[in-house]
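> Here's a structure for you.
The values are calculated or read from the model by the stated rules, or taken from the named source; none is laboratory data. Predicted model, so just to flag it, every value in this text is computed and none were measured. So basically every Cβ, Gly included, is an ideal-geometry build from the backbone, and we count neighbours across all protein chains shown.
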Amino acid sequence: MHWLARQLLRLVVVLFCVTLVTFVIVNILPGDIAIVILGTLATPQDIAGLRADLGLDRPMLVRYFDWLGSALSGDLGRSYRNGEPVAQAIADRLPVSLELMILAQLVALGIAVPVALLSARKPGGFFDRLSASAAFGFLAMPNFMLGIVLIYLFSVTFDLLPATGFSPLSDGLWDNLESMILPALTLGLVEWTVLMRVLRADLLTTLKEDFILLARAKGLPPWRVLMLHALRPSSFTLITILGLNIGGLIGGAVIVEQIFALPGVGRLLLGGIFNRDLILVQGTVSFIAAAFVIINFLVDMLYAVLDPRVRHVRFRS
Amino acid sequence: MSASAAKPVVAGAPVAGRKFRLRWSLVLPLGWLLLVVVLAITADWIGLPDPAAQELILRRKPPSAQFLLGTDNLGRDMLSRVIYGARTSLIVGICAPFLGFLIGGAIGMSAGYFRGKVDLLAVGFIDILLAFPALVLALTFTAYLGQSLFNVTLALGILSIPAAARVSRANTLAWANRDFVLAARTIGASNWRILTREILPNLLPPMFAFWLVAISVIIVAEGALSFLGLGIPAPQPSWGGMIADGREALDVAPHTALIPAAVMFITVLSLNFVGDIVRNMVDPRRSAL
């Protein structure tokens, strides 16, 4: 368990650095929050008073450790704009972002796995070439472009789904899902290409193994060999990529939430940036980065648990 | 199945190998890229209307003889804006990765060559940059730096440091153990000379291939920033900004969003095609023998 301790230590160091870097970047943002709040007609005394109230007159490092101390107990400060506790604001919006990302991941996997299986069945065949071209095309389609095209197709032209807006689960499951279909598609259709390519490549490697030959020799039909014998041992890289892609997924979620006006963490962050709400930006960026680091850490661990060979190669050396 | 499985199939590569396919998949993208580059460079001299000139009476006009690609929400000529937008995309797309590669390349080379503490420090630095989701870091940087063409380039340049550092570090690690480097050291060459004369030339081909890929990634990233309203400030045209503007009138004037989207798509697709072919040529593991 020596490697686990080392990895945990590394995790703590990275988390510390990430929050510190965020704090430094955010706090040298030009534009004095006191002037933003009080307006340009405020007297210098008023501004100085408000800065003192907000604690902005103290050295940056002091403020950082202050912030870190409260952050560790779950208090990320209060928004400069409306006094809302930042932790509460994030907690309120997190379910929307999580739902979006999970649905998008389901869309991506729902396309990637069958397509990879069908492609690997006959490498170089018609379907394989078709899917490779499709993946290449989708790879060149960023989510903000795809979102616009989907809105144009499904909301404007055919009027099937709402273009923007969010219905919470309390409005009923169907209303909620209806408002999430286009956002999830926008995010998922960008993701599936990478997953498909990785899984297809691993499937091709697995299919060369002796146990596949044995399964075939026993006379099992090809789809059974693919689904029951080849898929599971081929999915290790897929799991890693799922973890690594979380970063892209989070960035994508920020854009998609903005396009479809979903009240998620990404829109909270954008609003904070536009309003120069430092404490809100600091809180959300730190939260996102910390979540990202921890997820990557867990994926690494999961990978090691699933495949004992990795443990030795990756962590002992 | 066994017959087709025996054929060497390269994972993820576009269908290549057949002569006429390879030719078309190279000529079309290269032709498009050439067109975009030439138009972006000569935009000032080919008699285009001012991309910022508004003509509110003529807003949201569909493509016609007078306005080949129509007009946008403020009655500005779309063709002119798309071409000037290409200039923006190209400046950011070419300069930002170049900047990142200059800094990241130097970091990666020193890390791979000196190893030990330098390596540990460099890898730590890269790990921290990578600990942020890329777009969130870009947003934070542009919010801090302020919106301008230069600052967007700088922010996206910083973002490309980790990738560049990784490529150059991995390649330096491989080359630094070669006999010719040992030979250079035996005749008393300095570290600087070994790095610049022996190792650097070998890093250029993989770095170049990677740079091509980075251009399309950065063009998309610039588009995303401008789309969110945190990239190139108005009225300077940018494809991402144009798509965002057009989004508001998707029901009455879809061309205002779909045209810049299509232009961006074709450009990124072309870059990916060319990048893939160059990468296949540079990477011996992926090239067909």
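> For segment A:77-177, give me every one of the helices (runs of 4 or more DSSP H) that falls completely inside it and has 3 or more residues that are surrounded by fewer than 21 Cβ atoms within 10 Å (Cβ to Cβ) and facing another protein chain (nearest Cβ under 10 Å).
The helices (runs of 4 or more DSSP H) meeting that bar are A:126-139.
> Exactly one condition in (1) within 30 Å of A:I255 (Cβ to Cβ); (2) of a type outside the set (A, V, I, L, M, F, W, C); (3) part of a helix (DSSP H, G or I) is false for B:P201; which is it?
Among (1) within 30 Å of A:I255 (Cβ to Cβ); (2) of a type outside the set (A, V, I, L, M, F, W, C); (3) part of a helix (DSSP H, G or I), the lone unmet condition for B:P201 is (1).
> With respect to the numbered conditions (1) in contact with a Gly (Cβ under 8 Å, 6 or more places away or on another chain); (2) over 30 Å from B:D245 (Cβ atoms); (3) in contact (Cβ under 8 Å) with a residue 60 or more places away in the chain, which one is the sole condition not fulfilled by A:F292?
Here A:F292 clears every test but (3).
> Let me ask something additional. Considering only residues of segment B:239-258 that are aliphatic (A, V, I, L, M) and within 9 Å of another protein chain (Cβ to nearest Cβ), which is surrounded by the fewest Cβ atoms within 10 Å (Cβ to Cβ)?
B:L258
> Kindly provide the set of residues from segment A:238-272 that are within 11 Å of chain B (Cβ to nearest Cβ), assigned to a helix (DSSP H, G or I) and modelled with pLDDT under 85, ordered by number.
Those that are within 11 Å of chain B (Cβ to nearest Cβ), assigned to a helix (DSSP H, G or I) and modelled with pLDDT under 85: A:L244, A:I246, A:G247, A:G248.
> Run B:G112 past the list (1) within 15 Å of the chain's Cα centre (by Cα); (2) away from every other protein chain (no Cβ under 11 Å) and report the number of the one that doesn't hold.
With respect to (1) within 15 Å of the chain's Cα centre (by Cα); (2) away from every other protein chain (no Cβ under 11 Å), B:G112 is out only on (1).
> Is it the case that some residue within segment A:265-276 is of a type in the set (A, V, I, L, M) and touching a strand residue (DSSP E or B) at 6+ places or on another chain (Cβ under 9 Å)?
Scanning segment A:265-276, I find no residue that is of a type in the set (A, V, I, L, M) and touching a strand residue (DSSP E or B) at 6+ places or on another chain (Cβ under 9 Å), so the answer is no.
> Scan segment B:1-43 for residues that are modelled with pLDDT of 80 or more and loosely packed, with under 11 Cβ neighbours inside 10 Å and jot them down.
Correct list: B:V27 only.
> I would also like to ask the following. Scanning for something in a helix (DSSP H, G or I), within 14 Å of chain B (Cβ to nearest Cβ), touching a helix residue (DSSP H, G or I) at 6+ places or on another chain (Cβ under 6 Å) and buried (at least 21 other Cβ atoms within 10 Å of the Cβ), does segment A:213-220 turn up at least one residue?
No, that holds for no residue.
> Next question, about the same structure. With the condition kept exactly as written, say whether any residue in segment B:201-210 is in contact (Cβ under 8 Å) with a residue 12 or more places away in the chain and within 10 Å of chain A (Cβ to nearest Cβ).
No, there is no match, as no residue in segment B:201-210 is in contact (Cβ under 8 Å) with a residue 12 or more places away in the chain and within 10 Å of chain A (Cβ to nearest Cβ).
> Sticking with this structure for a sec: Here is a check on your reading of the model: is A:A71 under 23 Å from A:A291 (Cα atoms) and without any contact (Cβ under 8 Å) to a residue 40 or more places away in the chain?
The answer is no for A:A71.
> Specify the residue that is modelled with the highest pLDDT; the eligible residues are those in segment A:15-45 that are exposed (fewer than 15 other Cβ atoms within 10 Å of the Cβ) and not in a loop (DSSP other than H, G, I, E, B).
A:F16
> Tell me which residues, restricted to segment B:161-185, are in a helix (DSSP H, G or I) and farther than 19 Å from B:W211 by Cα.
The answer is B:L173, B:A174, B:W175, B:D179, B:F180, B:V181, B:L182, B:A183, B:A184, B:R185.
> Here is a follow-up. Being within 11 Å of chain A (Cβ to nearest Cβ), part of a helix (DSSP H, G or I) and closer than 21 Å to B:F208 by Cα is true for just one of B:I128, B:I158. Which residue is that?
So the residue among B:I128, B:I158 that is within 11 Å of chain A (Cβ to nearest Cβ), part of a helix (DSSP H, G or I) and closer than 21 Å to B:F208 by Cα is B:I158.
> Do the conditions hold for A:A230, that is, is it surrounded by fewer than 17 Cβ atoms within 10 Å (Cβ to Cβ), aliphatic (A, V, I, L, M) and over 30 Å from B:V268 (Cβ atoms)? Don't jump to the end; show me each part of the working.
Numbers: surrounded by fewer than 17 Cβ atoms within 10 Å (Cβ to Cβ): no; aliphatic (A, V, I, L, M): yes; over 30 Å from B:V268 (Cβ atoms): yes.
Here the answer is no, as A:A230 does not meet what is asked.
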